[in-house]
1. Among Cys348, Cys336, what is the fewest-to-most ranking by other Cβ atoms within 10 Å?
2. Classify the chain from the C-alpha gyration tensor, please: rounded if a/c falls under 1.5, else prolate or oblate depending on whether a/b exceeds b/c.
3. Which one of Leu228, Phe121, Leu197 is farthest out on the positive end of the charge dipole of the chain, using unit charges on Cβ (Lys, Arg +1; Asp, Glu -1) and the Cα centre as origin?
4. Sort Val239, Val298 so the one with the fewest other Cβ atoms within 10 Å of its own Cβ comes first.
5. Could you go through segment 257-266 in sequence order and give the Karplus-derived ³J(HN,Hα) for each residue, using 6.51 cos²θ - 1.76 cosθ + 1.60 with θ = phi - 60°, rounded to whole Hz, and x for Gly and Pro?
6. Picking from Val239, Tyr326, His15, whose Cα lies most toward the positive end of the charge dipole for segment 2-353 (charges on Cβ: Lys, Arg +1; Asp, Glu -1)?
7. Using θ = phi - 60° and the Karplus relation 6.51 cos²θ - 1.76 cosθ + 1.60, list the HN-Hα couplings for segment 285-291 in order, rounded to whole Hz, with x at every Gly or Pro.
8. So which lysines can Lys192 reach, going by Cα to Cα under 17 Å and dropping same-chain residues fewer than 8 places off?
Amino acid sequence: MIYETIIRPFLFLSHPETAHHLFLSFLESVSKSNFRFLFQYAGLQYHSSRLQNSLEGIDFPNPIGLAAGFDKSGKSYPSLSELGFGFIECGTFTSLPQQGNPKPRLFRIPEREALINRMGFNNPGAQNAARFFSQQQKVLPRGINIGKSKLKPFSQASEDYLDSLKKLAPFADYVTINVSSPNTPHLRQLQKKKELLSLLRPIQKNLKLRATSSKGHLPLFVKIAPDLSLNELDDILDVLVEVDASGIIISNTSTDHHSIPKEQREKGGLSGPPIRQKSTELIRHCYKAGTQLLIIGVGGISSGESALAKILAGASLIQIYTGYIYRGPYLPVKICRYLDRFLEKNDCTLKDIIGKEE
Ligand SMILES: Cc1cc2nc3c(=O)[nH]c(=O)nc-3n(C[C@H](O)[C@H](O)[C@H](O)COP(=O)(O)O)c2cc1C
C-alpha cells in the first residue's frame, strides 16, 4: 500500500525511463552500502519449500522471475537478486553495443496499468555484459536473453546471435533467444518456421558442444510474441521439438494496441494487463500440444490470481515486468504467499497444478 499511495506517485512524477534508472541506482547504492542488511528486514523475501522447484537441472527457490528488459546492462543482477525473485533474466544483449531508439521510448498508460516501449535493445553489448557478470557472485538462477544487433543484416542473424552466445553462455543458467521484440526491424520474421530452424540449429549445436566440454547442459528457450496465430505457434513448437530446445517463453510485448485509447497508441510493444489473456491463451495451447517443452509464462501478471492462472494454463515458471512497476517491490512476495497458501489449502505441490485448469 505504501508503494501505491506514496512511492509510486512520487516515482511517476518523473519520466518512466528516469524513474527506472532512479530505482536501479537506489537499489545499487543500498546494495553496496552498510545498509545492505535492510533488504533482509524489509520483508521482501518469502521462503517455502512448497515453492521450490528443480527444472532442467536448475534449482529455483520460487517460480517468480524478473522478465528480460528490466536489467538491460546486467549490472543490476546482484541487487535485484535481493528482492524476492526466484530467478532473474538479464538482457536483451546484442553482439554490438547499442544506444537503442531516440527518447522518449517508454510510455505509461496508468488507467490500464500498462506500458508501451520502443527501447530498441539499448544495451552495453555482449562483451561488456560478460565483463560485468565476471565480477559478480551468482546468487540466483540467471537467464541470459540474446537478440539481433540492429546494424547486422538479417542474413547474418545466426552468426550475430552466436557471437553473443559464445561470450555470455559461461554466465548463464539458461539462454533465451529473443525473436519477438517489435522494436528491432524484421526481428519477428525469425519466428517463421524456416528462418527459426536455420537460426536455432547452429545455436543448439554450439550449446551441445559446450555441454560436453564444460559444466554441462545449458537449457535453450525461445521467447515469442503474443500476436501469433495458433497455427504459427504450432510451427514454432515443431521447430523447438526438432532442435531439442528446453522451453518457450510466452510472451513478449504486443503490437496489437486496439484495447487502449487511440491517443495513447504510441509505436512500440504493449505490456501489462491488456496482453494478459492473449499470452495465457498461447500458454494453454502450447501446454495442450503435449510437447513437454517447459513454459515460462509472462504477460500482464500483477497479482497472485493472475500468476496462478498462468500456471494452471501450463506455465512451470512465470515472469513479471509491468506489474512490478505498478504494484511495486512487494509483488513477488505477495505472489509467493498467494501461491503457497493455494498449495497448502489444496495439499499439493507446484508440479501437481501445472496445466490443471478446470
Ligand atoms: C520497458 C520494457 C523493456 C523490455 N525489454 C525487453 C527486452 O529487452 N527483451 C525481452 O525479451 N523482453 C523485453 N520486454 C518484455 C518483457 O520481458 C515482457 O515479456 C513483457 O513486458 C510482458 O510482460 P509484462 O506484462 O509483465 O510486462 C520489455 C518490456 C518492457 C515494458
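1. Neighbour counts put them in this order, fewest first: Cys348, Cys336.
2. rounded
3. Phe121
4. Val239, Val298
5. Per residue, the Karplus-derived 3J(HN,Hα) values read 10, 5, 7, 10, x, 3, 5, 9, 7, 5 Hz.
6. About the Cα centre, the residue reaching furthest to the positive side is His15.
7. 4, 5, 5, 5, 5, x, 7
8. Straight-line reach from Lys192, under 17 Å: Lys148, Lys223.
Values quoted throughout were computed directly from the atomic coordinates according to the rules given, and no laboratory measurement underlies them. Model, not experiment: these values are computed from the prediction. When we count neighbours, we look across all protein chains shown, and the Cβ atoms used for this are built from the backbone with ideal geometry, even at glycine.
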